[in-house]
Amino acid sequence: MREPVNGFLAVDQGVANLAVTSDSVVLPGSALPGTIDGNGHVRTLRERRHRQRRRLQKKGTPAARRVLRRPAGREHRMMTNVNHQIPTYVVREAERTGRGIALEDLQGIRSRVRAHRLQRRTLHSWAFAQQIAFTRYKAARAGIAFTLVDPAYTSQACPQCGWTSRANRPARGRFACTRCGLAGHADHIAARNIAQRGAAGWAAVNQPHATGLASARRDRESKPPASAGSS
């Protein structure tokens, strides 16, 4: 596995935007090939199929149940395809720029996050774990460093001055630091924080001697050489 000499490329996974990188690239979007034309297209397809499911469930006939299974399969294949395309792009970009990849550890996110009423269905149906798993194995196959970080306050913390406050989020999707004035898209700011946490965590775990922590190598180097007469 190659060391991330140029830091980490991070991805913020969300509901309104499925993925936003620390380079401010929104995925899916023009960076990805195929028929998925951005996050709005994904949401439109999912809403259309949700309405179709409700209509067929209300009928309750055997024919309706047969038709109901077909859209479910198409939606699953579509989302799995998106979840493959996003990690593929991220891994290629990290490999091209000599960076590692950092994502949030979103285990249990559905029970922790307070989503807007209109976003709850998307939150509970989106395969966060699948996208993380795909990214992990694609990174390993390419020999790229991969790490998961604590997701707490990534969208409320300022990556420039470190100030963390709910007041830094004046509106949904908007970040504006009340201390230093840094402003931008909330998902991009979150991705920058994830990248910083990824780099810090990687250094602490994989290069302990560089952070002043104990390490086997440092212990060996600090011991005085044995004298010729010692037994």
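The values are calculated or read from the model by the stated rules, or taken from the named source; none is laboratory data. All values reported here derive from a predicted model rather than from experimental measurement. Quick reminder, even Gly has a Cβ in these numbers, built from the backbone with ideal geometry, and neighbours come from all protein chains shown. Heavy atoms of the whole protein, side chains included, go into the accessibility calculation; ligands, DNA and RNA do not. Shrake-Rupley method; radii C 1.70, N 1.55, O 1.52, S 1.80 Å.
Figures for the structure shown
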| quantity | calculated |
| --- | --- |
| Residues of the stretch 137-157 that turn out to be in contact with a Lys or Arg (Cβ under 7 Å, 6 or more places away or on another chain) and under 16 Å from ALA183 (Cβ atoms), as a count | 2 |
| All positions within the stretch 93-141 that are surrounded by fewer than 16 Cβ atoms within 10 Å (Cβ to Cβ) and at pLDDT 95 or above | ARG96, THR97, GLY98, TYR137, ALA140, ARG141 |
| Within the stretch 160-219, considering residues that are at pLDDT 95 or above and hydroxyl-bearing (Ser, Thr, Tyr), the one most open to solvent (accessible area, probe 1.4 Å) | THR178 |
| Matching option when the condition is within 18 Å of ASP105 (Cβ to Cβ), part of a loop (DSSP other than H, G, I, E, B) and polar (S, T, N, Q), among THR178, THR154 | THR154 |
| Pair list, Cβ under 9 Å, 6 or more apart: the stretch 82-99 residue touching a residue at least 60 places away in the same chain (Cβ under 8 Å) and under 15 Å from ALA140 (Cα atoms), other residue open to solvent by less than 40 Å² (accessible area, probe 1.4 Å) and part of a helix (DSSP H, G or I) | VAL90/THR135; VAL90/LYS138; VAL90/ALA139; ALA94/ALA139; ALA94/ALA142; ARG99/GLU93; ARG99/ALA195 |
| ASP37 being modelled with pLDDT of 85 or more, surrounded by fewer than 20 Cβ atoms within 10 Å (Cβ to Cβ) and not β-branched (Val, Ile, Thr) | no |
